[in-house]
Amino acid sequence: MNNCPCGSEQTYNQCCRQYHDGKIAPTVEALMRSRYSAYVLRNGAYLHRSWHSSTRPNKKGLLQLPATDWLGLEIVRTTQGGEQDNSGTVEFIARYREGEQTGSLHETSRFVKEGGKWFYVDGDY
């Protein structure tokens, strides 16, 4: 795979793969991008690991992701979520296709850092 699905203009190996393989994402935007790529690649195990335990769905559901074709990610805004922060948000728009229908998901996601690692908590649509 050449281009990373997250739209960073880097290769997948230079970008999200390192997080999927276990490296800790340094910022909420890096985690958000890696989670989007995990949806594109149907990597439910990574989604489960990067979801905060207080809101995480069961692993079986994440391993059986629907057949959604993710078409692109736009980061609208990031608030806090840097390497020195303990919380942050990412507002994004993700375009998708399911069957013959196309649409977009516009969400502001909340993240927390615990033990030096960022986790997705929840989001507002």
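Here are the numbers for this structure:
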{"item": "Test result for residue 6, farther than 19 Å from residue 106 by Cα, at pLDDT 95 or above, in a loop (DSSP other than H, G, I, E, B) and in contact with a Cys (Cβ under 6 Å, 6 or more places away or on another chain)", "result": "no"}
{"item": "Of residues in region 42-74 being of a type in the set (Gly, Ala, Ser) and not in a helix (DSSP H, G or I), the one nearest to the chain's Cα centre (by Cα)", "result": "50"}
{"item": "Output for region 30-44, where each listed residue is open to solvent by 60 Å² or more (accessible area, probe 1.4 Å) and either of a type in the set (Ser, Thr, Tyr) or closer than 18 Å to residue 107 by Cβ (or both)", "result": "39"}
{"item": "Unique match (being closer than 16 Å to residue 125 by Cα, open to solvent by 20 Å² or more (accessible area, probe 1.4 Å) and acidic (Asp, Glu)) among 74, 98", "result": "74"}
{"item": "Unmet criterion (only one of (1) open to solvent by 60 Å² or more (accessible area, probe 1.4 Å); (2) small (Gly, Ala, Ser); (3) closer than 23 Å to residue 13 by Cα) for residue 104", "result": "(3)"}
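The values are calculated or read from the model by the stated rules, or taken from the named source; none is laboratory data. Nothing here was measured: the structure is a model prediction, and the numbers come from that model. We place every Cβ from the backbone using ideal geometry, glycine too, and count neighbours over all the protein chains shown. The area values use the complete protein model at the heavy-atom level, side chains included, leaving out ligands, DNA and RNA. Shrake-Rupley method; radii C 1.70, N 1.55, O 1.52, S 1.80 Å.
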